[in-house]
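Everything below concerns the one structure shown next.
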Number of protein chains: 2
Amino acid sequence: VRERALIDRYFKPVTGSPAARGLADDAAVLMPPAGRELVITKDMIAQNVHFLPDDPPETVAHKLLAVNLSDLAAMGATPLACLLGLGLARDTSERWVAAFATGLGAACNRFTCPLIGGDTIAGLDRPVLSLTAFGHIGPGQALARSGAHPGDDVWVSGTIGEAGLGLALLRQDSAGDPALIARYRTPTPRLALGQALVGLASAAADVSDGLLADVRNIAIASGLQLVVNRDDVPVHSLSAADPSAAMTAGDDYELVFTAPAGFRPRLVTLSQTLGVKLSRIGRCAPGSGVVLVDATGAPQPILRFGFEHESGNGRQESAKAGSEEGG
Amino acid sequence: VRERALIDRYFKPVTGSPAARGLADDAAVLMPPAGRELVITKDMIAQNVHFLPDDPPETVAHKLLAVNLSDLAAMGATPLACLLGLGLARDTSERWVAAFATGLGAACNRFTCPLIGGDTIAGLDRPVLSLTAFGHIGPGQALARSGAHPGDDVWVSGTIGEAGLGLALLRQDSAGDPALIARYRTPTPRLALGQALVGLASAAADVSDGLLADVRNIAIASGLQLVVNRDDVPVHSLSAADPSAAMTAGDDYELVFTAPAGFRPRLVTLSQTLGVKLSRIGRCAPGSGVVLVDATGAPQPILRFGFEHESGNGRQESAKAGSEEGG
């Protein structure tokens, strides 16, 4: 089936905005909300690197949109629209494309982020998918990684490491806990939380590479040391024996953020209002890098910070590489 | 080398805008020009499908930006910013990445389209590159494929088929004409022409899939028949013996557009002002599809319309497939 026919057959029906111009033109046209800044992100995922060949195409589409919207959430932005870059393998079936398009349309509806354009190519060795998501926010209000101050608390949403557990289950070909597998396949971007953190959080990032790696990114950008209390990091009961795996597995798509201690009551209220667990896991201090401490305050070794894909094989990022970057 | 290190080492230096936030945050933040619409496009290119393994990385980067800016040109838009999706193969060298980044920085400077963000992944079987380009235009002014009227002229810029000749030379491993090879490797988007056509052209598209295929897109979108005078299509002397190859090779990144006959004098003046050849190659009529005629007006067979990549092998798109779409 030709690329143009695939677009007409499967993607035109799921476009949800006049900005798409029926996918008939060379580009989409979008009037941004007056006086709002645009927040723009672009994440790629590839089969065998970021998703498994057996993952249902609908969930691959959901994950592609969700990982991008998680970036918007970390900036405090509201989704506006997205573009798809669909790179098909030589052996990708039309059925896979149809299911992928269905899943993408459902995810775009769920997160109010209409598909307005993109590109389809074929002939690759495996599917490689790219998405560009646009959000909007009030001028100057975007959350950054660089705004933390000494004395600020460090917070994280949700439970850390569940996606990693889900991936481990899938790799073991185990029936496993559907909730954990869903955390890997269909993450939920923390959009409402991110928007509510504008004016509360001093710095924020999403947890994609692994909690410690993303905490380190805030430490580097803010020029501070972030102290994380190991026992306060919310992990699944299956991770209790090995919390460091949970803190480095990545793919959580939770938000990690810093906030002044004076905002603790407001954050507790926010947690209840949104129905999202918020855990205070540490504090910001002068210095640099990340320090992991136990309940007595004794520093614990950090053997790795997160997960980074390199040279075709997932590789645990070494603490050495981390320290080169100031971690 | 880790993905983050590649970004810091090679791409951070070529970002050209505060919108990039030093590539330190989860997303870029951009204030769009007040009262302007955004024009947004996203094109992917893959090694062995859209560029050759021996193409210099600098020219691959140029081409990636240029094919996207050509879409903006076809809409009449002015470039604003771009995001890169860099998918590296397992065996992509750091030197390739460095040269690619250098080429991208030079192209972004040349076309005033700063890089403001993106994503890098690794572990693919071959490089797969995605770019999202943003432009801006006055509200409602974007050119479309759907605006042609019966009686309008059909025009094309530049010379058609030269990129196809350049690709053929490269495949023959011939030293060849550097100008033709440059047409394949480093196309020039017709940005100034596209912007000048706002208010003159009734419909426009860029010539990417092949002149006849792109003319057909205008015919379909406008609900008209486009009659193309074969002998008026500007081709290279090497294509004189086989003009149909030139009209279907694609990768030209010229603009094909329609305009009322009353604008002929203004278009001749525009051609002189911009130093861009404009050729009147046909007219719009009631009906549907594309008709190719010789100097006597006799219809000529169209065996194919353009070039589309499918199933890993470039395939000449058949006229049958074309007629299914209404061509």
### Message
Between residue B:192 and residue B:293, what's the calculated FRET efficiency when r is the beta-carbon distance and R0 is 30 Å? Round to 0.05.
### Response
0.45
### Query
Scattering from the C-alpha atoms of segment B:1-149 alone, worked out with Debye: what is log10 I(q)/I(0) at q = 0.13, 0.15, 0.16, 0.18 1/Å?
-0.57, -0.75, -0.84, -1.02
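Hey, any idea what Rg/Rh is for the protein assembly as shown, computing Rh the Kirkwood way over Cα pairs? Display every interim value, and only then the final one.
Working: Rg = 25.8 Å, Rh = 25.6 Å.
Computed over Cα atoms, the ratio is 1.01.
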### Task
Please name the residues of segment B:69-83 whose accessible area, counted over protein heavy atoms with a 1.4 angstrom probe, falls by no less than 20 Å² between the chain alone and the full protein assembly.
B:71, B:75, B:83
#### Entry: For segment A:30-39, Karplus couplings with θ = phi - 60° (6.51, -1.76, 1.60), whole Hz, Gly/Pro x
9, 8, x, x, 4, x, 9, 7, 8, 10
### Message
In Å², and per residue, what accessible area does the protein assembly as shown have when probed at 1.4 Å with the other protein chains present?
### Response
36
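Averaging sequence separations of C-alpha pairs under 8 Å and six or more residues apart, then dividing by the length of segment B:146-193, give the relative contact order as a whole percent. Display every interim value, and only then the final one.
Numbers: 27 pairs, mean separation 15.2, N = 48.
Reported relative contact order: 32 percent.
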### Query
Tell me, what is the percent relative contact order of segment B:1-97, built from C-alpha pairs under 8 Å that lie six or more residues apart?
26
### Query
How many nanometers, to one decimal and shortest first, lie between the label point of residue A:31 and those of its other copies, if labels sit 7 Å from Cα toward Cβ?
2.1
### Message
Compute the angle between helix B:57-75 and the longest alpha-carbon principal axis of chain B, please, reported from 0 to 90 degrees and rounded to the nearest 10.
### Response
50
### Query
Taking the alpha-carbon centroid of each part, what is the distance from segment A:72-90 to segment B:52-88 in angstrom?
19
### Query
What's the angle, to the nearest 10 degrees (0 to 90), between helix A:162-171's Cα axis and the longest principal axis of chain A?
60
### Query
Under 5 Å between amide H atoms, partner at least 5 residues away or on a different chain: which partners does residue B:85 have, H built in plane at 1.01 Å?
B:119, B:130, B:131, B:132
### Task
Select from A:224, B:262, B:204 the residue farthest towards the positive end of the dipole of the protein assembly as shown; place +1 on Cβ of Lys and Arg, -1 on Cβ of Asp and Glu, and compute about the Cα centre.
B:262
### Gap separating the Cα centres of segment B:141-212 and segment A:100-116, nearest whole Å
33
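Reported to two decimal places, what Rg/Rh ratio describes segment A:14-81 when computed on Cα atoms with Rh from the Kirkwood expression?
Values: Rg = 14.6 Å, Rh = 14.2 Å.
Reported Rg/Rh (Cα atoms, Kirkwood Rh): 1.03.
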### Message
I want to verify a result. In a Gaussian network model of chain B, Cα cutoff 10 Å, which of these has the top mean-square fluctuation: B:114, B:150, B:234?
### Response
B:150
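Tell me the volume per residue, in Å³, of the convex hull enclosing the alpha carbons of segment A:71-166. Before the final figure, lay out the partial values.
Working: hull volume 15.8 nm³, N = 96.
So the per-residue hull volume is 165 Å³.
Compute the normalised compactness of chain A: alpha-carbon radius of gyration over 2.2 N^0.38 Å, N being the residue count. Mind showing how you got there, number by number?
Numbers: Rg = 20.1 Å, N = 327, 2.2 N^0.38 = 19.9 Å.
It is 1.01.
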### Query
Antiparallel DSSP bridges in chain B: what percent, to the nearest 5?
75
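When the accessible area of segment A:142-189 is computed with all protein chains present and a 1.4 Å probe, what percentage of it is carbon and sulfur? Display every interim value, and only then the final one.
Numbers: 940 of 1820 Å².
The value for segment A:142-189 is 52 percent carbon and sulfur by accessible area.
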## Note on the structure
Nearest 10, in degrees from 0 to 90: the angle of helix A:211-222 to the longest Cα principal axis of chain A is 80
### Summary
Each residue of A:8-15 has, on average, a number of other protein chain C-beta atoms within 10 Å of its C-beta equal to 0
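Once A and B are treated as a pair rather than alone, how much accessible area drops out, both sides summed, in Å² to 100, probe 1.4 Å? Kindly include the intermediate steps, with their values, before the conclusion.
Details: alone 14450 and 14500 Å², together 23290 Å².
So the total buried area for this chain pair works out to about 5700 Å².
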### Query
In the calculated pair distance distribution of segment B:92-144, what percentage of Cα-Cα distances lie above 12 Å?
76
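Normalising by the residue count of chain B, find the relative contact order in percent from Cα pairs under 8 Å and 6+ residues apart. Kindly include the intermediate steps, with their values, before the conclusion.
Numbers: 737 pairs, mean separation 67.4, N = 327.
Relative CO of chain B lands at 21 percent.
Distances over 16 Å make up what percent of all Cα-Cα pairs in segment A:212-280?
On the way: 1337 of 2346 pairs.
Cα-Cα pairs of segment A:212-280 separated by over 16 Å account for 57 percent.
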### Summary
With one decimal in nm and the nearest listed first, the spacings from residue B:262 to its own position in the other copies, using label points 7 Å along Cα-to-Cβ, are 6.7
### Query
Whose amide H sits under 5 Å from the amide H of residue A:160, counting only residues 5 or more places off or on another chain, with H placed in the peptide plane?
A:235, A:236
### Query
Percent of accessible area on segment B:213-270 owned by carbon and sulfur, 1.4 Å probe?
54
### Nitroxide proxy distance, nm - points 7 Å out along Cα→Cβ at residue A:112 and residue B:54
5.5
## Note on the structure
Reduced to Cα centres, the span from segment A:262-280 to segment B:1-37 in Å works out to 31
### Query
Looking at segment B:129-169, which residues lose a minimum of 50 Å² of accessible area between their chain alone and all protein chains in place, measuring with a 1.4 Å probe and not counting ligands or nucleic acids?
B:145
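The values are calculated or read from the model by the stated rules, or taken from the named source; none is laboratory data. Predicted model, so just to flag it, every value in this text is computed and none were measured. Counting neighbours? That spans all protein chains shown, and the Cβs are built from the backbone with ideal geometry, glycine included. Calculation scope for accessible area: heavy atoms of the full protein, side chains included, ligands and nucleic acids excluded. Shrake-Rupley method; radii C 1.70, N 1.55, O 1.52, S 1.80 Å.
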